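K.L.:
Quick one: this structure, given as structure tokens, is what I'll be asking you about.
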There are 4 protein chains.
Amino acid sequence: MPLSDDQQHEIMDARGVGMMTTRPVARALDDQLHLPRPVLDHGFIRVIDYMGDDAAVVQAARVSYGRGTKAANEDRGLIRYLMRHRHSTPFEMCEIKLHIKLPIFVARQWIRHRTANVNEYSARYSMLDREFYIPAPAQLAAQSSVNRQGRGAVLEGEEADDVLRLLREDAGRNFDHYQDMLNEDAEGNSIDPDRAGLARELARMNLTLNTYTQWYWKTDLHNLMHFLALRADAHAQYEIRVYAEAMLEVLEAWVPLCAEAFRDYRLGAVTLSAQMLAVLRRLLAGEAVEQPASGLSKREWGELMATLGRAA
Amino acid sequence: MPLSDDQQHEIMDARGVGMMTTRPVARALDDQLHLPRPVLDHGFIRVIDYMGDDAAVVQAARVSYGRGTKAANEDRGLIRYLMRHRHSTPFEMCEIKLHIKLPIFVARQWIRHRTANVNEYSARYSMLDREFYIPAPAQLAAQSSVNRQGRGAVLEGEEADDVLRLLREDAGRNFDHYQDMLNEDAEGNSIDPDRAGLARELARMNLTLNTYTQWYWKTDLHNLMHFLALRADAHAQYEIRVYAEAMLEVLEAWVPLCAEAFRDYRLGAVTLSAQMLAVLRRLLAGEAVEQPASGLSKREWGELMATLGRAA
Amino acid sequence: MPLSDDQQHEIMDARGVGMMTTRPVARALDDQLHLPRPVLDHGFIRVIDYMGDDAAVVQAARVSYGRGTKAANEDRGLIRYLMRHRHSTPFEMCEIKLHIKLPIFVARQWIRHRTANVNEYSARYSMLDREFYIPAPAQLAAQSSVNRQGRGAVLEGEEADDVLRLLREDAGRNFDHYQDMLNEDAEGNSIDPDRAGLARELARMNLTLNTYTQWYWKTDLHNLMHFLALRADAHAQYEIRVYAEAMLEVLEAWVPLCAEAFRDYRLGAVTLSAQMLAVLRRLLAGEAVEQPASGLSKREWGELMATLGRAA
Amino acid sequence: MPLSDDQQHEIMDARGVGMMTTRPVARALDDQLHLPRPVLDHGFIRVIDYMGDDAAVVQAARVSYGRGTKAANEDRGLIRYLMRHRHSTPFEMCEIKLHIKLPIFVARQWIRHRTANVNEYSARYSMLDREFYIPAPAQLAAQSSVNRQGRGAVLEGEEADDVLRLLREDAGRNFDHYQDMLNEDAEGNSIDPDRAGLARELARMNLTLNTYTQWYWKTDLHNLMHFLALRADAHAQYEIRVYAEAMLEVLEAWVPLCAEAFRDYRLGAVTLSAQMLAVLRRLLAGEAVEQPASGLSKREWGELMATLGRAA
């Protein structure tokens, strides 16, 4: 169960109190505020707060463009225009704050996105919970032989069993030793009155990278979409991609017009190099172009053919 | 009159619609949302939206510090602790968005604070309004003779009259010529059907730096306070300081506990160098310390004596 | 003449002293260090310092990717791979510092790129020079009738003469009044001993937006290329584009492999939306697709046809 | 031995080649470029590249302040003025790039400083080395009983032995199982030809947080000093403080005038709140002030007395 009793009570308290505001309200998101969406075996994301909605993006764009862009029924068109032409500042006018529980090795990838505000649970101050990420069998993949940072086929049989057993045993043993060195049980009581207990800031180093941590993470809509463009992508590691996919659902609830434009012009879009564009024009003119005379490397040729849905 | 008819209507519309939310509501700020506070002769600030309140700062700090910091009645103490020890991340969890009208030369100082989101009215797209900042007579100061970037005594008599006349005439004439080059009147109609009209992106270069512009400006509470620490300070130029002072009132309405701690630990605080501290300890021990043997330069000695309320 | 005597001497001093270093040296750039490239009528850019070269990008990428990517002759391929797949962090490992003289209205666009370090000449401390940007006749364009932020045909005849005269007269008169209010001539001497002189921080507001300012501007290679992708683009205003074009030449001298990859994968690249890609696949399959049944708006259809070099 | 053979060769190659440059050279730093300074049991820092020196800070400040601040022999005074008054932009004009080897739990604290560029060794691409941080006996401290995030007395006897044994055994066993799951030995050869081997991006989750990682880290002088102000402080965790202390030595070699000013005005400085300042003035006036009537909390009173070198 991913949420502590205290957190459950906090959610119930927060959701029980509706208040009046004259701020913009994104109704669909407001209605699911505070509630956790489960991710992986013990993780979650839940929206704590947000600022702005689709209309706030439009309003900010209209401050910039002033008179002459007033037609009220053109919000969708304007948002699509902004997204297509990579205007970023109007999207920066919306903000969202999430509470996220995630394995430490995922947190290490995530934190590389620097344009966000973060408050992480501190293992210098407090003991961590006994929770580790153990992959579901379907996610237990071999190293890819073609992509140095990718996954290949799913492991099976004894090898899979061994891996799962090692991951479970090592994480559990190391956590037990962590508590043992702290000389503190889960309730914070001393285990052995004759021992001092190692400092928390040291003991934590014995934990494995699949131990769960949690943080508050706040970012603006532009940077959220940049995160999603990279992390909801097929090349992202599965364990961070599932968080991005849960956040895509949040995006739909929050700013449906932006989410639609994001799918069309970012997630589903492709970029072609100058050389690829030249090849494309020749193909469209009916010319038979082959890789060797294309000006593209074999790798790029393969990428272009895949993009165009053609056999390489 | 600082707000256009359209903006007035927008305010009335926004304030007329109260909606329910389960987000934290800062009541005192919510009640004054959208309303402009006048600043200088034609400027204003008005809060468009906000995220979080004093409790959100506390909540974020408690995620970091975990168990053991739960006592409910200690919010004020915790906020003061965070401010005193320059913990910045919990304050980053609140966000505010303002609509600001300000002279261009003030905007040029303001934009140097990079950790904010900005959408400025674009004079490439639209014509600017015929509004210039003309200092009130009490603000018409001579160059300081002791501070290369400061003001001295107030100008008086004929010199003051001349300055005001020049500022008014030059700004007005340049604006008239701007419209003339655009070949466009205030309603956007062509003045002379036989002329093409200069491109807006070029014509704007004829305007003076006291012409008003406007923008949406969004930042987090930490960076807002950093801005205020620099710009509500006596060394800041008067024309940006009045904006900072208006924003201090917003801070009080929004996050009263943070605002109190900010006044005590930042605005009213002083920093002493290692050498100053050494002098101070000698003074407290009853020693008679003079500048030459203090290890401080004359300038620093003067600063220290001023801080301690002593004659230099 | 864009550089002051003092700046000329500084350049000669700096270039006269060669020193040994074990840092990477980008020879072609090092040889042109400090020398100004003229831009517009009084502006310039000149490189003051730099860190890193093409090999530094490769070195940083290899720290990340570790063993297995060592082949020494693959620098070009690796840089092209990084650029194509939008890996940004290895490019952040190079840094460049420029001294730039530019009109204030250009500086206002430029400063919107926040991920840079800036030290601007302060008109609170010192008097500005009597230099204004006056467009060359070929750049004196009418407002575009199809693009709200673009230029149309070049102004001609009397209208062009009037515009140039107004720009010259207004900038000159306002600058004269600026000096007059300061009560200070170009050598810093008092004009009238009986007047106090207006504070510099106030007098500057009388200047026009085509007055030249100058700054040191420092950024990393990734953000430099992002700046160039936006500002060397045909949609950028001419007056900032010429600075970007001069910086593209700097890029070639500094990091030729990165510059080549940047031209292929960023400057010359196109992005197609999900809908555009679907249309493209149908076209390649020999289908006759028309705009109404394409799923694209008229505007997007026009953009796609232009990209593909086809009649809309 | 912290550096691999490849890295040793890279260092010898880099140091063997001196080249001429007209860029500013910080001789003392240049002479120690590339050489590692050992930190902790397997870590190091080494400077890879730098831009600028003390004179570059002065030069940038003089662009801002223009005429009137030219006296050549006043560099030290100007740098001290800039530091004392917290002018940050001139210090942003220098940049430094370090190669750092550090335990993952230290890297997790470090990365929270967001205004830096980072390229970290990727355990998705490559196998990590078998190196873990094991505290020296003198650093094996108990949890502090007065400071929730601090250390108390050094552990001794059997408890210390047990802790060291657990840390060693758990890190070693988990690393062995990591290699086992990868089915790869240290040379990258397959251990068991019948097994597929778990994907690297998954296997790494079994490692402990004291495993060493490495990265290139690049930042400007202003942000470097901000990092050092926080991390060379007595409140910082020992394991990151030793890195900060090694970097302080780098600072001395690179920009000795800035380093001196930094020690006087930042590292050795104290900040007093408005209430503390009021107490201080009363003390200096000879008044006997006690905590209850001081307006300070007990905690703040204690902090003030400690600052002033008085008994609380």
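The values are calculated or read from the model by the stated rules, or taken from the named source; none is laboratory data. Predicted model only: the values in this text are computed from it and were never measured. Methodologically, a virtual Cβ is constructed for each residue, glycine included, from the backbone with ideal geometry; neighbour enumeration extends over all protein chains shown. We work out accessible area using only protein heavy atoms, side chains counted, and drop any ligands, DNA or RNA first. Shrake-Rupley method; radii C 1.70, N 1.55, O 1.52, S 1.80 Å.
K.L.:
Whole-Hz Karplus ³J(HN,Hα) for segment B:125-134, in order, using 6.51 cos²θ - 1.76 cosθ + 1.60 and θ = phi - 60°, x for Gly and Pro?
P.N.:
8, 9, 7, 7, 7, 8, 9, 10, 7, 10
K.L.:
For peptide C:189-197, compute the average count of partner chain beta-carbon atoms within 10 Å of each residue's beta-carbon.
P.N.:
3
K.L.:
Return the chain D residue and its Cβ-to-axis distance, rounded to the nearest Å, for the rotation relating D to B.
P.N.:
D:Thr271, 2
K.L.:
Moving on. Please report, in debye to the nearest 20, how large the charge dipole of segment B:197-281 is about its Cα centre when each Lys and Arg carries +1 at its beta carbon and each Asp and Glu carries -1 there.
P.N.:
Magnitude of the dipole: close to 260 debye.
K.L.:
Right, something else. Holding the Cα-Cα limit at 22 Å, pick out from A:Lys218/B:Lys218; B:Lys218/D:Lys218; C:Lys218/D:Lys218; A:Lys101/D:Lys101; A:Lys218/B:Lys101 the pairs that are longer than that.
P.N.:
The answer is B:Lys218/D:Lys218; A:Lys101/D:Lys101; A:Lys218/B:Lys101.
K.L.:
Something else about it: Counting only protein heavy atoms and using a 1.4 Å probe, what share of the accessible area of chain A belongs to carbon plus sulfur, as a whole percent?
P.N.:
51 percent
K.L.:
Please calculate how many Å² of accessible area segment D:168-312 carries per residue, with a 1.4 Å probe and no DNA, RNA or ligand atoms counted.
P.N.:
Here the per-residue accessible area is 38 Å².
K.L.:
Another question about this same structure. Roughly how tilted is helix D:5-16, in degrees to the nearest 10 and between 0 and 90, from the longest Cα axis of chain D?
P.N.:
50 degrees
K.L.:
Got a sec? What order do B:Ser190, A:Ser294 fall in by accessible area at 1.4 Å, biggest, i.e. largest, first?
P.N.:
So, going from the largest accessible area down, we get B:Ser190, A:Ser294.
K.L.:
Please give the per residue volume of the convex hull enclosing the alpha carbon atoms of the protein assembly as shown, rounded to a whole number of Å³.
P.N.:
Dividing the Cα hull volume of the protein assembly as shown by its residues yields 194 Å³.
K.L.:
Shortest first and in nm to one decimal, what separations exist between A:Pro193 and its copies in the other chains, measuring from label points 7 Å along the Cα-to-beta-carbon line?
P.N.:
Going from nearest to farthest copy, the values are 6.3, 9.2, 10.3 nm.
K.L.:
Another question, if that's okay. With +1 assigned to the C-beta of every Lys and Arg and -1 to the C-beta of every Asp and Glu, and no other charges, what is the dipole magnitude of chain D about the Cα centre in debye, to the nearest 20?
P.N.:
For chain D, the charge dipole is close to 1920 debye.
K.L.:
Further question on the same structure: Before I look further, what does segment B:20-165 give for accessible area per residue, probe 1.4 Å, in whole square angstrom?
P.N.:
Ligands and nucleic acids excluded, the result is 36 Å² per residue.
K.L.:
What length, rounded to one decimal in nm, is gained on full extension from D:Val154 through to D:Tyr238, with 0.36 nm per residue of separation minus their alpha-carbon distance?
P.N.:
Between D:Val154 and D:Tyr238, full extension yields an extra 28.9 nm.
K.L.:
Could you work out the mean count of beta carbons from other protein chains within 10 Å of each residue's beta carbon in A:242-250?
P.N.:
0
K.L.:
Here's another thing I want to ask about it. Grab the beta carbon distance between D:Asp161 and B:Gln291, set R0 = 56 Å, and tell me the FRET efficiency rounded to 0.05.
P.N.:
Given R0 = 56 Å and the Cβ-Cβ separation, E is 0.45.
K.L.:
Let me ask another. If a/c stays under 1.5 just call it rounded; otherwise compare a/b with b/c (prolate if a/b is bigger, oblate if not). Do that for segment D:134-209, with a ≥ b ≥ c from the square roots of the Cα gyration tensor eigenvalues.
P.N.:
Note, shape of segment D:134-209 comes out prolate.
K.L.:
From the square roots a ≥ b ≥ c of the eigenvalues of the alpha-carbon gyration tensor of chain D, which class results: rounded (a/c under 1.5), prolate (a/b over b/c), or oblate?
P.N.:
In terms of gyration-tensor shape, oblate.
K.L.:
Quick check on segment B:1-111: take the gyration tensor over C-alpha atoms, sort the square-rooted eigenvalues as a ≥ b ≥ c, and tell me if it's rounded (a/c under 1.5), prolate or oblate.
P.N.:
oblate
K.L.:
Could you tell me the relative contact order of chain C? Use alpha-carbon pairs under 8 Å, at least six residues apart, and round to a whole percent.
P.N.:
About 22 percent, as a whole number.
K.L.:
Where in segment A:212-243 is the amide nitrogen less than 18 Å from a point lying 7 Å along the Cα-to-Cβ axis of A:Asp41?
P.N.:
In segment A:212-243, the label zone of A:Asp41 (backbone N under 18 Å from the point 7 Å along Cα→Cβ) covers A:212-214, A:238-243.
K.L.:
Helix-only mean residue ellipticity at 222 nm, the protein assembly as shown, DSSP H runs n ≥ 4 weighted -39,500 (n - 2.57), per residue, nearest 500. What is it?
P.N.:
-13000 deg cm²/dmol
K.L.:
Round to the nearest 10 and give me the degree value, 0 to 90, for the angle of helix B:54-65's Cα axis relative to the longest principal axis of chain B.
P.N.:
50 degrees
K.L.:
Tell me the total accessible area that C and D bury against each other, 1.4 angstrom probe, in square angstrom rounded to 100.
P.N.:
What C and D bury together is about 5000 Å².
K.L.:
Another question, then. With a 10 Å radius around each residue's Cβ, average the other Cβ atoms per peptide and rank B:91-98, A:112-119, highest first.
P.N.:
Ranking, from highest mean packing down: B:91-98, A:112-119.
K.L.:
In debye to the nearest 20, how big a dipole does the protein assembly as shown give about its Cα centre with +1 on each Lys and Arg Cβ and -1 on each Asp and Glu Cβ?
P.N.:
For this selection, approximately 0 debye.
K.L.:
Report, as an integer, the average count of C-beta atoms from other chains found within 10 Å of each Cβ along B:177-184.
P.N.:
Counting Cβ atoms of other protein chains within 10 Å of each residue's Cβ and averaging gives 3.
K.L.:
With a 10 Å radius around each residue's Cβ, average the other Cβ atoms per peptide and rank C:198-208, D:14-24, highest first.
P.N.:
Output ranking for C:198-208, D:14-24: C:198-208, D:14-24.
K.L.:
Related question: Suppose R0 equals 51 Å. What FRET efficiency, 1/(1 + (r/R0)^6) with r the Cβ-Cβ distance, do B:Ala229 and A:Glu169 give to the nearest 0.05?
P.N.:
The calculated FRET efficiency here is 0.45.
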